[in-house]
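To keep things clear, I will list the structure first and then write my remarks on it.
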Amino acid sequence: MKLIVLSPEKTLLNEEVNAVELPGAKGRFMVLKDHAPVLTPLVAGVVRYDVAYTENRQEMEIGGGFAEISNDEICVCVG
């Protein structure tokens, strides 16, 4: 899967991942391979992701935004 995090100024992250945990407006949720298409608002919090082909878990703090999940690509737009 591909995780892309965008701000209005630049691409903050473009990484192959195994799993992503997002701070949704109704609570945290996990995205795995073959997730159903979703467009959802995000609240301020931490995005956690497992880097593909490693045991490496990373975190990125965001101030809110939205996520589009489609075709094994998670695009997170932050403000």
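The values are calculated or read from the model by the stated rules, or taken from the named source; none is laboratory data. All values reported here derive from a predicted model rather than from experimental measurement. Here Cβ is always computed from backbone atoms with ideal geometry, including for glycine, and neighbour counts include all displayed protein chains. SASA here: full protein model, heavy atoms, side chains in, ligands and nucleic acids out. Shrake-Rupley method; radii C 1.70, N 1.55, O 1.52, S 1.80 Å.
Residue by residue through the stretch 16-26, which ³J(HN,Hα) values in whole Hz follow from phi under the Karplus form 6.51 cos²θ - 1.76 cosθ + 1.60 (θ = phi - 60°), with glycine and proline marked x?
7, 9, 9, 7, 9, 10, 10, x, x, 4, 10
Phe29's amide H: which non-local residues (gap 5+, or another chain) put their own amide H closer than 5 Å, with H modeled 1.01 Å from N in plane and none for Pro or chain starts?
Amide H to amide H, under 5 Å and 5 or more residues apart or across chains, Phe29 pairs with Leu22, Gly24.
What percentage of the solvent-accessible surface of the chain, computed with a 1.4 Å probe over protein heavy atoms, is contributed by carbon and sulfur atoms? Can you show the working numbers first?
Details: 2400 of 4700 Å².
Whole-percent figure for carbon plus sulfur exposure: 51.
May I ask you to list the chymotrypsin sites (Phe, Trp or Tyr not before Pro) in the stretch 1-76 that are in a DSSP loop and have at most 15 other Cβ atoms within 10 Å of their Cβ?
Working: sites: Phe29, Tyr49, Tyr53, Phe66; in loops: Tyr53.
Those satisfying the criteria are Tyr53.
Please work out how much length the chain gains when fully extended from Glu15 to Leu32, using 0.36 nm per residue of separation minus the C-alpha to C-alpha distance, in nm with one decimal.
Working: separation 17, 0.36 × 17 = 6.12 nm, distance 1.43 nm.
Extending this stretch completely gives an extra 4.7 nm.
So for the chain, averaging the separation of alpha carbon pairs under 8 Å that are six or more residues apart and normalising by length, what relative contact order in percent results? Don't jump to the answer; show the numbers that get you there.
Numbers: 196 pairs, mean separation 26.1, N = 79.
Normalised by residue count, the contact order of the chain is 33 percent.
Enter the accessible area per residue of the chain (Å², integer; probe 1.4 Å; all protein chains in place). If you can, show how the numbers build up before the last one.
On the way: 4700 Å² over 79 residues.
Per-residue accessible area for the chain comes out at 59 Å².
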